[in-house]
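Okay, structure first, notes after.
The values are calculated or read from the model by the stated rules, or taken from the named source; none is laboratory data. Remember, it's a predicted structure, so these values are computed and weren't measured experimentally. Cβ: placed from backbone, ideal geometry, glycine included. Neighbour counts: every protein chain shown. With ligands, DNA and RNA removed, areas are computed over all heavy atoms of the protein, side chains included. Shrake-Rupley method; radii C 1.70, N 1.55, O 1.52, S 1.80 Å.
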Amino acid sequence: EELRARLGRVPAPCAIDDPHGSTPRIALLGAPSRAWVIGLHAIWRAGAAAVPLPTALPAAALADRLRDVAPALGLADAAHRATLVEALRGPADRVIDLDAPGDLDASGGDDAARDWIAGPPSRAALLLFTSGTTGRPKAAVITHGNLAAWTSTLHRAWRWSADDRIVGVLPLHHVHGLVNVVGCALAAGARCDLHPRFDAEDAWTALAASGVTCFMAVPSVYQRLVESHARADAAARRACSAAASRLRLAVSGSAALPDPLRAAWRDLGGVELLERYGMTEIGMALSQPYDGARVAGTVGAPLPGVAARVVDAAGAPVDVGVAGQLEIRGPNVFDGYFGRADATSEAFRDGWLRTGDDAIRARQADGSVTWRLLGRRSVDILKSGGELVSALTVEAVLLAHPAIRACAVVGAPDARWGQRVTAVVELRDGVAPPDLDALRAWSSDRLAPWERPRALRVVDALPRNALGKVEKRRVLAMLDGA
Ligand code: MLC
Ligand code: AMP
């Protein structure tokens, strides 16, 4: 009620040329908590769309993202209030406090938690930021209809029920933590134990609580859990293994699951991880089976209601066994990028969403067809710890450094992060090479923690083609050689 009244009092947002431009937007910034989720519901019940934001981003970078979205109001927890006020660049009373302590338990009659979908199918529910190859993050418009499709599909495929209890350790500004974990639990009337941030030891303790049935995370989180298990003493190791073995469902996604990690999790608790493939614009699209063989290195098959195909450069579907771009269609596919008709039309081909990922299908001995991902088509899109990073965003910031004349940002393979954000730089004449820590600190008011370079290599000359354009694949090969 308070939000609805406040929306009525703020000046109308500046005109945004978007089909969803008349739906007010409200920014949401805070650590995962029951209060955060209740804030989300309040936004939906007030008829607005929520713009969940990452807590680790500096105010200047948040302001940059919010410029096109122009939220009417903001909701923030106490720790992030000042950042959101600064990012919204308006009067401090445009930010309302999130304040509703307690557990999030739809099974316990928590009405605020139970009611997951609160708007008509065509209305914008979420604006989720995602990086593109253009450098500037875009806000993907997810409707209430998309959310209904996402949760009902996952309920069927992964057998969600009101008896489930899930431990949530992921941030809530992404599909993975927000929809697969929290949304699916709430829509099933299940229980979700939310953690403000991931800590491996805390997560093991939470997984050991009685009745926990499900867990979902990115490979980097599983990697940390496996490392923490290996460090623990024998009694703690046994307790962790017992907790892992009680899970009916442990899902990995958002980045490729390396085989050694899959095996380490299986060895630790005897449960085979279920790997699935998704994307902000489409929710979850492909999943290994709940029952049946989970073939290592594959992401299973299309989820119920999701149409998927592999196409060649001209957009023609190719046969099983032939690699090409993965395209997706169905009620799970988003409505477009907010205020970015150009980027939206580029994202689609004949009604199919071009994922930017390459894939290939293989026929198994039992006649079933499984899908395998071959990586991103663009070398400029990296994944570090499940976070999408645009190399162009990082390069634009690094080029402002006084010592750097030219640079190429690439993703080097990394056991901890999947890809390590690596800056390969040419220096200006006569300057001393910057130190990596100093460069990270220097970029911290413009880049998110996962965008800051984790490795730095100084070269005399970056490999370029005849037109002078840096050739990223040769840069990667150079690193490989080293
Ligand atoms: C944090 N750091 C990262 C990082 N996250 N560096 C690289 N990549 C990341 N992803 C930085 C910290 O700021 C810190 O920097 C240092 O690394 C160590 O911090 P940490 O405390 O050990 O890391 P932590 O904060 O615990 O974060 C790690 C993480 C987190 C893996 C838990 O990154 C995370 O929650 N990732 C998941 C993101 C996600 O939900 N993606 C889903 C996208 S949706 P310093 O300078 O202090 O040393 C999607 C669709 C789909 O992809 O299919 O699901
Ligand atoms: P995002 O835009 O953050 O939603 O990230 C979506 C991207 O994550 C996809 O386009 C894929 O490149 C990647 N991704 C998601 N799940 C997987 C997976 N299981 N294996 C490999 N890559 C994945």
Tell me, which helices (runs of 4 or more DSSP H) wholly within the range 216-275 include 2 or more residues that are under 24 Å from His174 (Cβ atoms)? 219-231, 259-269
Looking at the range 352-366, can you tell me whether even one residue there is more than 11 Å from ligand 1 (Cβ to nearest atom), open to solvent by less than 30 Å² (accessible area, probe 1.4 Å), part of a helix (DSSP H, G or I) and out of contact with any Ser or Thr (no Cβ under 6 Å at 6 or more places or on another chain)? no
Only one of these is polar (S, T, N, Q) and open to solvent by less than 20 Å² (accessible area, probe 1.4 Å): Ser384, Ser378. Name it. Ser384
Report whether or not Arg294 is away from ligand 1 (no atom under 16 Å from the Cβ), out of contact with any Lys or Arg (no Cβ under 6 Å at 6 or more places or on another chain), in contact (Cβ under 8 Å) with a residue 24 or more places away in the chain and farther than 11 Å from Asn332 by Cβ. no
Screening Val470, Val425 for residues that are closer than 28 Å to Gly324 by Cβ, in contact with a Leu (Cβ under 8 Å, 6 or more places away or on another chain) and away from ligand 1 (no atom under 16 Å from the Cβ) leaves only Val470
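Name the residues in the range 276-305 that are within 14 Å of ligand 2 (Cβ to nearest atom) and among the hydrophobic types (A, V, I, L, M, F, W, C), would you?
The first filter runs over the range 276-305 and keeps only residues within 14 Å of ligand 2 (Cβ to nearest atom), leaving 276-288, 294-303.
Met279, Ile282, Met284, Ala285, Leu286, Val295, Ala296, Val299, Ala301, Leu303, listed by residue number.
Per-residue answers, yes or no, for (1) out of contact with any helix residue (DSSP H, G or I) (no Cβ under 9 Å at 6 or more places or on another chain); (2) away from ligand 2 (no atom under 15 Å from the Cβ); (3) of a type in the set (A, V, I, L, M):
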site	(1), (2), (3)
Asp342	yes, yes, no
Asp350	yes, yes, no
Arg354	no, no, no
Ile360	yes, no, yes
Arg363	yes, yes, no
Leu373	yes, no, yes
Gly386	no, no, no
Considering the range 242-262, residues that are open to solvent by less than 30 Å² (accessible area, probe 1.4 Å) and away from ligand 1 (no atom under 16 Å from the Cβ), and then whichever is farthest from the chain's Cα centre (by Cα), we arrive at Ala243
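Let's see how each residue does on (1) in contact with a helix residue (DSSP H, G or I) (Cβ under 7 Å, 6 or more places away or on another chain); (2) surrounded by fewer than 22 Cβ atoms within 10 Å (Cβ to Cβ):
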| position | (1), (2) |
| --- | --- |
| Leu154 | yes, no |
| Pro171 | yes, yes |
| His174 | no, no |
| Val179 | yes, no |
| Ala187 | yes, no |
| Arg197 | no, yes |
| Ser210 | no, yes |
| Leu225 | yes, no |
| Ala230 | no, yes |
Residue that is most open to solvent (accessible area, probe 1.4 Å) [pool: residues in the range 312-348 that are acidic (Asp, Glu) and touching a Ser or Thr at 6+ places or on another chain (Cβ under 9 Å)]: Asp335
Residue pairs meeting the criteria (Cβ under 7 Å; at least 6 apart or on separate chains; first over 24 Å from Pro258 (Cβ atoms), in the range 204-226; second within 14 Å of ligand 1 (Cβ to nearest atom)): Ala206/Val167; Ala206/His195; Val212/Val167
Quick test of your reading of the structure: Gly300 fulfils all but one of (1) at positive phi; (2) surrounded by fewer than 20 Cβ atoms within 10 Å (Cβ to Cβ); (3) in contact with a strand residue (DSSP E or B) (Cβ under 8 Å, 6 or more places away or on another chain). Name the failing condition by number. (2)
Criterion first (more than 16 Å from ligand 2 (Cβ to nearest atom) and β-branched (Val, Ile, Thr)) does Val218 satisfy it? no
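Based on what the data block shows, is Arg416 over 25 Å from Gly324 (Cα atoms) and open to solvent by 60 Å² or more (accessible area, probe 1.4 Å)?
Values: over 25 Å from Gly324 (Cα atoms): yes; open to solvent by 60 Å² or more (accessible area, probe 1.4 Å): yes.
Yes; evaluated as a whole, the condition is true for this residue.
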Across the range 297-315, which residue is farthest from Arg372 (Cα to Cα) among those that are part of a loop (DSSP other than H, G, I, E, B) and within 16 Å of ligand 1 (Cβ to nearest atom)? Val306
